[in-house]
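Beneath this line is the structure, given in structure tokens, with notes to follow.
Coordinate-derived values only; no laboratory data. What you see is a predicted model; the values in this text were computed from it and never measured. Because the Cβ atoms are built from the backbone with ideal geometry, glycine has one as well, and the counts that use them run over all protein chains shown.
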């Protein structure tokens, strides 16, 4: 470093990390080097397995028990902290370097009040105690935008929404005004509008305190909007790094070009072909109302008067934040619950009137693919058994024919025959979601309900699954109902859309019309929250054709 160069807050040099098991140590991060200057946001981007989280954990001294730093330096304000004991690292965690973890639900102690958890960091470092600590806790909760901070301080984590919990974690992270905050996928579990508010909050606090931020993310749209510089990781190696605007305008690595072309929020807005007006309506929902009894007196209206139609072979999206009524609507369509009022007709059948065996057989027509491929597959079954199970439940097909059909559908969803003998834990998230789609299609349904079916996947895997769904729709004439909170994905794959807020439909129509001329301020807010807006000049540039 020259005499004129200001010392960076973080200087990672030649960092190599490996993890141990019975067979020895496996390298996962290979000689990674980058810097974060004072007040700068550097985004560490890449898919699962790229090494970005391991790098972040090593920086703050929280590698898993079987992880080790093989070589390299991690300099915080000029001091190399590699090799420090946990006790010594405790003196700087929170004070000089803080972490905003990914999952707000599992990162807070369920048996301590919010106030006690914020207070803990202040007392641990001797910054405040007694009434002064109580006052500081309220100040911090107010600072991160929590309403009624005195009430929040007395509440427990389960009483707060995901966005509120993430604000609490940010309050803890900024309590001692550290020089560096590591934000590890800080908004991946949140709705798009909540995501924007949290990222705005981190930006505001960075400007106020001059804090540096290392933003760990797989979302190129978020990185494009929020970072000064990008570091792109693949397989534990840096593919390229530089100013965000430069990397996105002229990516040098084929992998970066692939990430950019796969990011829905950075893709050019191309309208799908108009829906054939004379095609049959396969799904008709008329004034759907769904009430639920509360544990005490009264009822809660989860869905109030939702109506839409879906023509055969097309995709209708239902979008909205958590609590908008999306999942309740899709469960009513699947026949899992009887609507309080209104009508649902699928392929000419009155779903509300179905009972017993007719309802069971109806499930051959309508199949559901869930959000999480990790929890929707039985871990005790082989993949062959998982996909075969619906055939055992609904038909008397001979075993040989069953196995032939299983092998054929596994091939159609782009998986090799070798997966048939494996169990779900041996597959990646994208492979598991392909299995879930194969299981849904084995009965040759007319309608597939997709409940946030790509939201748990990395952007490149997500793009592969969306391409697969489009091909299967074309090949089999499938009608999709696609539930999502991601408008960038909806813009890419849906023909028509319903926007729900608080159980009510606030916008409805062709995607190109609703997105161009939303009737509701809420829809406009959702559209404005799509990340990747900072670089409009990139839309339609060469990288969309790359990779």
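Averaging the Cα positions of each part gives two centres, and for region 355-394 and region 304-332 these lie 21 Å apart. Which of rounded, prolate, oblate describes region 10-262, given a ≥ b ≥ c as roots of the alpha-carbon gyration tensor eigenvalues and a/c under 1.5 marking rounded, otherwise prolate only if a/b is larger than b/c? Prolate, because a/c is 1.5 or more and a/b exceeds b/c.
Averaging the Cα positions of each part gives two centres, and for region 75-110 and region 278-295 these lie 49 Å apart.
Using Cα pairs under 8 angstrom and six or more residues apart, how large is the relative contact order of region 266-359, in percent?
Values: 131 pairs, mean separation 29.4, N = 94.
In percent, rounded to a whole number, it is 31.
Mind sorting 34, 394, 482 by how few other Cβ atoms lie within 10 Å of their own Cβ, fewest first? Numbers along the way, then the final one.
On the way: 34 20, 394 14, 482 26.
Lowest count first: 394, 34, 482.
How much of the DSSP bridge set in the chain is antiparallel, in percent, rounded to the nearest 5? Please report the intermediate quantities before stating the final value.
Working: 48 of 85 bridges.
Antiparallel: roughly 55 percent of the beta bridges in the chain.
Principal axis extents of the Cα atoms in region 21-87, from largest to smallest and rounded to whole angstrom, are 43, 32, 19. Protection proxy ranking, highest mean first, for peptides 285-291, 94-100, 526-532: 94-100, 526-532, 285-291, where packing is the per-residue count of other beta-carbon atoms within 10 Å, averaged.
Dimensions of the chain based on its C-alpha atoms, expressed as ranges along the principal axes with the largest first, amount to 75, 55, 48 Å.
Quick one: compute the contact order of the chain, relative version, from alpha carbon pairs under 8 angstrom and 6+ residues apart, as a percent.
Numbers: 1060 pairs, mean separation 86.5, N = 547.
That works out to 16 percent.
Spatially, region 125-162 and region 450-497 are offset by 40 Å when compared through their Cα centroids. Going by alpha carbons, how many degrees (0 to 90, nearest 10) lie between the helix axis of 356-365 and the longest principal axis of the chain? Tilt relative to the chain: about 70 degrees. Helix 162-174 versus the longest principal axis of the chain: what angle, 0 to 90°, nearest 10, using Cα atoms? It works out to around 10 degrees.
Contact order, relative form, for region 10-262: 27 percent (alpha carbon pairs under 8 Å, 6 or more residues apart, mean separation divided by residue count). At the listed q of 0.09, 0.12, 0.21 Å⁻¹, the Debye profile of region 377-484, built from one uniform point per Cα, gives log10 I(q)/I(0) equal to -0.21, -0.39, -1.22. Of the beta bridges in region 10-262, as assigned by DSSP with both residues counted there, near 55 percent are antiparallel. Relative to the dominant Cα principal axis of the chain, helix 383-394 is inclined by about 30°. Sorted on the mean count of surrounding Cβ atoms within 10 Å across their residues, most packed first, peptides 253-260, 497-504, 410-417 read 497-504, 253-260, 410-417.
Divide by every residue of the chain the summed helix terms, -39500 (n - 2.57) for each DSSP H run of at least 4, and state the resulting mean residue ellipticity at 222 nm, rounded to the nearest 500 deg cm²/dmol. Please list the in-between numbers first.
Values: 19 runs with 194 residues, N = 547.
Dividing the helical sum by the residues of the chain leaves -10500 deg cm²/dmol.
Sorting the segments 454-460, 511-517, 433-439 by their mean number of nearby beta carbons within 10 angstrom, highest to lowest, gives 433-439, 454-460, 511-517.
The Cα atoms of region 251-346 give a gyration tensor whose axes a ≥ b ≥ c have a/c of 1.5 or more with a/b no greater than b/c, which makes the shape oblate.
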